[in-house]
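Reviewing the structure listed below.
We did not get these values from a lab; they are worked out from the coordinates using the rules stated. This structure is a prediction, so every number in the text was calculated from the model and none was measured. Note that we place each Cβ from the backbone using ideal geometry, even for glycine, and neighbour counts take in every protein chain shown.
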Amino acid sequence: MPCLSLRGTRFSAAWETTSYGQQGKLASETLNAQALRQIDAQTGGLTPGIFPSTTYVRDSDYELIDPGHSYGRDENPGFVVAEKVLAELEGGEAGLLFSSGMSAAMAIIQSLKPGDRIVAPRIMYWGLRKWLVVFCEQWGLALDLFDPSAPDALARTVEQAKTRLLWMESPCNPTWDVIDISAAADVAQGAGATLVVDSTIPT
Ligand SMILES: Cc1ncc(COP(=O)(O)O)c(C=O)c1O
């Protein structure tokens, strides 16, 4: 599943609050392999259970029994653990799982406002490029595509007009080029833009 990882302060790990094993001493690789060691209190199971439930019980006042769980799509306990593991692996602040790469892309693009500007490479996943070219205008979004092989094209395009979102891929589809994410982040940060790195292709 594609993961959107929001970079920032590191996720505060849940295993610190569990009382089993030697949680504090385990390497992060081990903790991630064990899904942050969120041991099931009832059974001692080392991996989180699977929750097929879509909806959750409410009382006679229609209040949720557990306010933390209202619907399976966004709060499935198994997905939440997977999001935390992925955020931890990425050194991100949080993770969100989507059922497809395009749905993750749409969630990000739908967070923009009319008038916002997106900068993206000319060579990228054709499906998203087509969506951007066809639909940006009718959503009131400005789009600039740059030639990724031209030196300084990225920086020049981002600086030309106020950019809200710099969309990059790594590895790129279809070239599998790996970009310098740190350099792209510097360009985005310098322009006050948010950098997105779409890594759907290797997933
Ligand atoms: C870079 C990139 N982004 C997005 C997608 C779309 O992913 P999905 O087919 O899961 O919607 C793809 C699919 O190949 C991709 O390569």
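The table for this structure:
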| quantity | calculated |
| --- | --- |
| Two-site label geometry, residue 73 and residue 181: point separation in nm, points 7 Å out along Cα→Cβ | 2.8 nm |
| The chain: angle of helix 181-190 to the longest principal axis, Cα-based, in degrees nearest 10 | 70 degrees |
| Beta bridges per DSSP with both ends in region 50-169, % antiparallel, nearest 5 | 20 percent |
| Fraction of beta bridges assigned by DSSP in the chain that are antiparallel (%, nearest 5) | 35 percent |
| Rounded Å value of the spacing that divides the Cα centres of region 24-91 and region 154-203 | 32 Å |
| Two-site FRET efficiency, residue 47 against residue 197, from Cβ-Cβ distance with R₀ of 30 Å, rounded to 0.05 | 0.55 |
| Derived scalar couplings ³J(HN,Hα) [region 116-124; Karplus, 6.51 cos²θ - 1.76 cosθ + 1.60; whole Hz; x for Gly, Pro] | 5, 10, 10, 10, 8, x, 4, 9, 7 |
| Sum of side-chain charges, residue 173 neighbourhood, beta-carbon under 10 Å (Lys, Arg +1; Asp, Glu -1) | -2 |
| Charge context of residue 115, other residues only, Cβ under 11 angstrom, K/R +1, D/E -1 | +3 |
| Region 80-87 - phi-based ³J(HN,Hα) in whole Hz, Karplus 6.51/-1.76/1.60, Gly and Pro as x | 4, 5, 4, 5, 5, 4, 5, 4 |
| Computed [θ] at 222 nm, helices only, for the chain once each DSSP H run of length n ≥ 4 contributes -39500 (n - 2.57) | -8500 deg cm²/dmol |
| For residue 98, distant residues with modelled amide H under 5 Å away | 4 |
| Kirkwood hydrodynamic radius of the chain, Cα pairs, Å | 19.3 Å |
| In region 142-203, trypsin sites (Lys or Arg not before Pro) in a DSSP loop with at most 15 other beta-carbon atoms within 10 Å | 162 |
